[in-house]
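In what follows, a single structure is set out as structure tokens and then discussed.
The values are calculated or read from the model by the stated rules, or taken from the named source; none is laboratory data. Note that the structure is a prediction, hence the values are computed from the model and not measured. Methodologically, a virtual Cβ is constructed for each residue, glycine included, from the backbone with ideal geometry; neighbour enumeration extends over all protein chains shown.
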Amino acid sequence: MFDIVIIGAGFSGAVLAERLASTGKTILLVERRRAVGGNCHDHRDESGILVHDYGPHLFHTDDEEVWQYLSHFTQWTPYQHHVEAVIDGKAVPLPFSLDTLHEVFPASMADRLEEKLLAHFAYNTKVPILELKKMGDPDLQQLADFVYKKIFLHYTMKQWGKTPEEIDGAVTARVPIYIGRDRRYFQDRFQAVPKDGYTVLFQNMLAHPCIKLLLNTSAQEILTLANGEIRLFGQPFAGEVIYTGMLDELLGFSHGELSYRSVRMDFETLPVAHYQPAPTVNYPCNYDFTRITEFRQIHPVPEAVQATTILREYPQPYVRGENTAYYPLFTQEAQEAYSAYAREATRYPHLHIIGRLADYRYYDMDDAVRRALDLFQGWSR
Ligand code: UDP
């Protein structure tokens with residue numbers, strides 16, 4: 001028998017499997033898909049370009065322990081993400097910065113707005129759009145309305161099917177107005193992509209004799225939860241169970257279905273060496289897709305390769321059994337529905353809920369790793 005069962009081989013499950021195995025615990029790691037890595041999974045396509053199957057994953061963190069920990073399982077390619085957004089037909093730097101200001105407004109107007117911004121905010125700070133919209137100053141109000149309309153409103157409608165006001169403000173605050181000139185998408189201390197990709201990183205992490213990996217298997221096939229008792233393969237199981245999937249599914253939809261957002265990923269390989277001016281170009285005003293990512297700008301290939309693979313992302317409602325859940329829905333109503341499941345899960349003292357899907361939180365990769373390390377460290381004390 002195993003000491004611990006872990007459901008899901010994304011970052012949360014894989015980190016816990018690796019950490020616990022390193023202490024000699026035997027782990028059964030169960031993954032519904034036929035590969036590890038969760039939504040970080042990547043592969044080399046026919047042109048030899050490393051593509052991220054579930055959209056661009058750019059690793060960035062200020063957390064040195066997380067960085068050092070992952071560095072045991074991969075070498076890194078230094079990589080600082082750059083994004084542009086097409087506004088009125090022109091690609092400009094995103095997040096909206098002082099540089100963007102000068103690209104979209106006539107010089108005298110941009111100078112005036114810059115002065116106003118610097119009078120209200122410290123240089124090099126970040127202001128969420130919903131905060132900027134509350135400024136009393138008429139010039140800043142006009143700027144906020146412009147940025148809101150051109151960058152946030154339609155993109156957010158496409159991404160979530162809701163306006164920025166209808167979702168948690170923390171979501172749009174991820175892409176703030178930047179009172180500075182740093183053109184990088186992230187400012188974290190550590191920024192890179194795994195040299196041979198995320199899938200290899202996960203494989204390295206999980207190559208431990210104490211980890212038994214069971215692919216193509218859903219939690220429902222091996223686990224049952226009823227009346228505070230967990231059964232594994234039909235037998236009572238007294239070990240710990242770490243669950244990283246969707247909580248409604250684990251608990252038999254007793255409080256209805258949780259809402260998630262999905263994305264249709266549309267890859268295309270073109271017979272050219274270069275497609276667009278930045279690794280990711282957002283389209284906040286036009287088209288049904290939100291953004292296009294060109295992977296050879298993230299994972300370089302030899303210049304002679306006359307091919308480039310691009311990805312267009314088309315957000316969609318999540319439909320159980322038909323597509324993949326990417327993001328929990330960040331409405332208050334959805335969060336309340338989740339709370340009922342979280343309460344029910346506490347009836348199982350050996351059940352641990354962790355990860356973007358199970359915690360129903362907008363974790364970045366480093367957040368997921370941090371959470372898993374914390375859970376592990378809490379146990380080993
Ligand atoms: N967002 C937007 N316009 C943009 C980029 C982002 O309105 O051009 C908003 C949108 O609501 C999005 C959120 O900011 O869901 C977070 O964007 P981020 O790039 O962090 O999304 P992710 O890469 O996690 O999908």
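The table that follows gives values for the structure above.
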quantity: Top-ranked residue of the range 71-94 - restricted to ones that are under 15 Å from Tyr155 (Cα atoms) and among the charged types (D, E, K, R), ranked as nearest to the ligand (Cβ to nearest atom); calculated: Glu84
quantity: Any hit, the range 43-55, residues being within 16 Å of the ligand (Cβ to nearest atom), at positive phi and touching a strand residue (DSSP E or B) at 6+ places or on another chain (Cβ under 7 Å); calculated: yes
quantity: All positions within the range 287-309 that are touching a strand residue (DSSP E or B) at 6+ places or on another chain (Cβ under 7 Å) and within 16 Å of the ligand (Cβ to nearest atom); calculated: Asp288, Phe289, Thr290, Arg291, Ile292, Thr293, Glu294, Phe295, Ile298
quantity: Hits in the range 83-100 (condition: of a type outside the set (A, V, I, L, M) and buried (at least 19 other Cβ atoms within 10 Å of the Cβ)); calculated: Glu84, Pro93, Pro95, Phe96, Ser97, Thr100
quantity: Qualifying residue in the range 307-320 (condition: among the aliphatic types (A, V, I, L, M), in a helix (DSSP H, G or I) and surrounded by fewer than 16 Cβ atoms within 10 Å (Cβ to Cβ)); calculated: no
quantity: Matching residues in the range 38-82 - criterion: being surrounded by 17 or more Cβ atoms within 10 Å (Cβ to Cβ), in contact with a Ser or Thr (Cβ under 6 Å, 6 or more places away or on another chain) and assigned to a loop (DSSP other than H, G, I, E, B); calculated: His41, Ser47, Ile49, Pro56
quantity: The range 268-285, subset within 12 Å of the ligand (Cβ to nearest atom) and of a type in the set (S, T, N, Q), residue nearest to Lys150 (Cα to Cα); calculated: Asn282
quantity: Count of residues meeting criterion [over 28 Å from Glu115 (Cα atoms) and in contact with a Ser or Thr (Cβ under 8 Å, 6 or more places away or on another chain)] in the range 156-173; calculated: 9
quantity: Sole residue being part of a helix (DSSP H, G or I) and touching a residue at least 40 places away in the same chain (Cβ under 8 Å), chosen from Leu113, Leu130; calculated: Leu130
quantity: 3 or more residues in contact with a helix residue (DSSP H, G or I) (Cβ under 9 Å, 6 or more places away or on another chain): qualifying helices (runs of 4 or more DSSP H) within the range 136-243; calculated: 138-147, 154-160, 169-172, 198-206
quantity: Failed criterion for Gln68 (all others in (1) touching a residue at least 40 places away in the same chain (Cβ under 8 Å); (2) away from the ligand (no atom under 16 Å from the Cβ); (3) not hydroxyl-bearing (Ser, Thr, Tyr) hold); calculated: (1)
quantity: From the options Arg356, Arg312, Arg361, Arg320, residue that is of a type in the set (Lys, Arg), under 19 Å from Arg32 (Cα atoms) and within 16 Å of the ligand (Cβ to nearest atom); calculated: Arg356
quantity: Selection count where residues are surrounded by 14 or more Cβ atoms within 10 Å (Cβ to Cβ) and more than 15 Å from Arg264 (Cβ to Cβ), scope the range 293-306; calculated: 7
quantity: The one condition in (1) within 16 Å of the ligand (Cβ to nearest atom); (2) at negative phi that Gly38 fails to fulfil; calculated: (2)
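Every residue, every condition in (1) within 11 Å of the ligand (Cβ to nearest atom); (2) in contact (Cβ under 8 Å) with a residue 60 or more places away in the chain; (3) basic (Lys, Arg), yes or no:
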residue: Met157; (1), (2), (3): yes, no, no
residue: Thr163; (1), (2), (3): yes, no, no
residue: Asp168; (1), (2), (3): yes, yes, no
residue: Val175; (1), (2), (3): yes, yes, no
residue: Arg183; (1), (2), (3): no, yes, yes
residue: Gln187; (1), (2), (3): no, no, no
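Residues checked against (1) away from the ligand (no atom under 15 Å from the Cβ); (2) surrounded by fewer than 16 Cβ atoms within 10 Å (Cβ to Cβ); (3) over 30 Å from Glu65 (Cα atoms); (4) at pLDDT 95 or above:
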residue	(1), (2), (3), (4)
His102	yes, no, yes, yes
Leu117	yes, no, yes, yes
Val127	no, no, no, yes
Leu132	no, no, yes, yes
Leu143	yes, no, yes, yes
Ile151	no, no, yes, yes
Ala192	yes, no, no, yes
